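Asker: Attaching a single structure in structure tokens format; questions to follow.
Throughout, read-outs are computed from the coordinates displayed, never taken from laboratory work. Everything numeric in this text was worked out from a predicted model, so none of it was measured. Backbone-built Cβ (ideal geometry, glycine too); neighbour counts: all protein chains shown.
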Amino acid sequence: MAVHAPVLGIFYRASSPGEKPFVEVGQKVEADDTLCLIEVMKLFNSVKAGIKGTITRILAENGMMVEHGQVLIFIKPDA
């Protein structure tokens, strides 16, 4: 399952510089787990997994601009 950017903004893998990322490839997540943040005009929007599964790929680069609808992360749903 692809997780898409809900808004245009800057993609962040962690809550602040120097902190560990919210998720890594191979990590199991629950539906309500935060995967990343997207900053829009100094407002931070958390992106939730939306499904229970395992992170298989992280496509967006930390600190880079992402477009609305852009695929950020892939999650393999639990069976």
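Asker: Could you give the nm distance between label points at Val40 and Asp78, where each point is 7 Å from its Cα heading toward the beta carbon?
Answerer: For Val40 paired with Asp78, the spin-label model returns 3.1 nm.
Asker: Mind listing the long-range amide H neighbours of Leu35? Cut-off is under 5 Å, sequence gap 5 or more, other chains count too, H placed in the peptide plane at 1.01 Å from N.
Answerer: Val47, Lys48, Ala49
Asker: Along its three principal axes, how long is the chain when you only count alpha carbons? Whole Å, largest extent first please.
Answerer: 39, 27, 19
Asker: Return the aspartates and glutamates within reach of Lys48: Cα separation strictly under 15 angstrom, same-chain partners fewer than 8 residues apart disregarded; answer none if there are no such residues.
Answerer: Filter leaves Glu24, Glu30, Asp32, Asp33, Glu39.
Asker: Which order do the peptides 24-33, 46-55 come out in when sorted by mean C-beta neighbours inside 10 angstrom, highest first? Display every interim value, and only then the final one.
Answerer: Working: 24-33: 12.8, 46-55: 17.0.
Listed from highest to lowest mean packing, they are 46-55, 24-33.
Asker: Relative contact order for the chain: what is it in percent, counting Cα pairs under 8 Å that are at least 6 residues apart?
Answerer: Values: 193 pairs, mean separation 32.3, N = 79.
After rounding, I find 41 percent.
Asker: Give, in nm to one decimal, the length gained when the segment between Lys52 and Val7 is fully stretched (0.36 nm per residue of separation minus the Cα-Cα distance). Don't skip to the end; give the middle numbers.
Answerer: Values: separation 45, 0.36 × 45 = 16.20 nm, distance 2.24 nm.
14.0 nm is the gain from fully extending Lys52 to Val7.
Asker: Something else: Taking amide H positions as placed 1.01 Å from N in the peptide plane, with prolines and chain starts having none, which residues 5 or more places from Leu72, or on another chain, fall under 5 Å of its amide H?
Answerer: Val3, His4, Ala5
Asker: Taking H as built 1.01 Å from N, whose amide H comes closer than 5 Å to the amide H of Lys52, not counting residues under 5 places away?
Answerer: Here Ala31, Asp78 satisfy the definition.
Asker: Separate question: What are the ³J(HN,Hα) values, in whole Hz, obtained from phi via the Karplus relation 6.51 cos²θ - 1.76 cosθ + 1.60 with θ = phi - 60°, for each residue of segment 65-77 in sequence order, with x given for Gly and Pro?
Answerer: 6, 10, 8, 4, x, 5, 6, 9, 9, 10, 10, 8, x
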